[in-house]
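All remarks here apply to the structure that follows.
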Amino acid sequence: MPLWQLFTPKDAFTSEEKHDFATRITNIYTGPKAIESIGFSLPRFYTSVVFHEFDPHSFFVGGEPRDKFIQIEVVHIARVTETVAELNGETVEQLLAKYFVLVDEALKPYIADRGYECEFHVETAPFETWRIDGLTPPPPDSEAEKRWAKDNKSSPYTATLQTA
């Protein structure tokens, strides 16, 4: 799971723009570009994006209302930054630099190009606290996770499908 929560001004994005934006965010974690840039690809359904809209003068920064401001909170749980960096043979800082290039590419058309200010942060939650449809997600890169990615949904798996 990456769970992205975007706190945006009301009507900042149309339904179609939200769909495109959510697809751009999902693509950060999925497919050949993700593998090339950050060393892994997640099943698409692992990524959730939620838009929380606020009314003008309902979001304050430094005690002042901001109606051209977007706050983004991300929770990562499917991959742990330190582990991925180690597997990639790089530092956490190097991995994050590549990750933020992908993030900036995804956000730019909807935030910077439209004149919005933005604050972004990522939190990491322990993998063992995560469940999908009551199931413990399969280990990274396992045959079961590959099946979940292909099917784009969770399904029961056995211990024989746990290892790659």
Scan the stretch 57-70 and tell me whether some residue there is closer than 30 Å to R147 by Cβ and not assigned by TED's automatic domain parsing to the domain that holds E143.
no
Could you look through the stretch 98-121, keep only residues that are touching a residue at least 40 places away in the same chain (Cβ under 8 Å) and among the aromatic types (F, W, Y), and pick out the one that is surrounded by the most Cβ atoms within 10 Å (Cβ to Cβ)?
Y110
Within the stretch 77-100, residues closer than 19 Å to E128 by Cβ and of a type outside the set (D, E) come out as I77, A78, R79, V80, T81, T83, V84, L87
Residues that are at pLDDT 90 or above, more than 13 Å from the chain's Cα centre (by Cα) and hydroxyl-bearing (S, T, Y), drawn from the stretch 59-107:
T91
Could you give every pair whose Cβ atoms fall below 7 Å, whose first residue belongs to the stretch 80-96 and is at negative phi, and whose second residue is outside any helix (DSSP H, G or I) and of a type in the set (V, I, T), counting only separations of at least 6 or pairs across chains?
V80/T124; T81/T124; A85/T91
Could you tell me which numbered condition I72 fails, if it satisfies all but one of (1) in contact with a strand residue (DSSP E or B) (Cβ under 9 Å, 6 or more places away or on another chain); (2) part of a helix (DSSP H, G or I); (3) not charged (D, E, K, R)?
(2)
Give the residue that is modelled with the lowest pLDDT, with candidates limited to residues of the stretch 1-58 that are hydroxyl-bearing (S, T, Y) and not in a helix (DSSP H, G or I).
S58
Of the numbered conditions (1) closer than 22 Å to G39 by Cα; (2) surrounded by 10 or more Cβ atoms within 10 Å (Cβ to Cβ), Y157 satisfies every one except a single condition; which is it?
(1)
Of a type in the set (K, R), surrounded by fewer than 16 Cβ atoms within 10 Å (Cβ to Cβ) and not assigned by TED's automatic domain parsing to the domain that holds D20 - does that describe any residue in the stretch 134-151?
yes
Given (1) crowded, with 18+ Cβ neighbours inside 10 Å; (2) under 13 Å from the mean Cα position of the chain (by Cα), where does A12 come up short, assuming only one miss?
(2)
Testing T124 on (1) at pLDDT below 95; (2) in the same structural domain as D11 (by TED's automatic domain parsing); (3) crowded, with 17+ Cβ neighbours inside 10 Å, one condition comes back false. Which one is that?
(3)
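Out of the stretch 24-48, which residues are farther than 19 Å from T83 by Cα, touching a strand residue (DSSP E or B) at 6+ places or on another chain (Cβ under 9 Å) and either aliphatic (A, V, I, L, M) or without any contact (Cβ under 8 Å) to a residue 60 or more places away in the chain (or both)? It would help to see each step written out before you state the result.
Initially, the stretch 24-48 is screened for residues farther than 19 Å from T83 by Cα, giving 24-27, 31-33, 44-45, 47-48.
Right, trim to touching a strand residue (DSSP E or B) at 6+ places or on another chain (Cβ under 9 Å) and you get 25-26, 45, 47-48.
Matches in the stretch 24-48: I25, T26, T47, S48.
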Return yes or no: is I72 surrounded by 14 or more Cβ atoms within 10 Å (Cβ to Cβ), out of contact with any Lys or Arg (no Cβ under 9 Å at 6 or more places or on another chain) and under 19 Å from F7 (Cβ atoms)?
yes
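The values are calculated or read from the model by the stated rules, or taken from the named source; none is laboratory data. These figures come from a predicted structure and were not determined experimentally. When we count neighbours, we look across all protein chains shown, and the Cβ atoms used for this are built from the backbone with ideal geometry, even at glycine.
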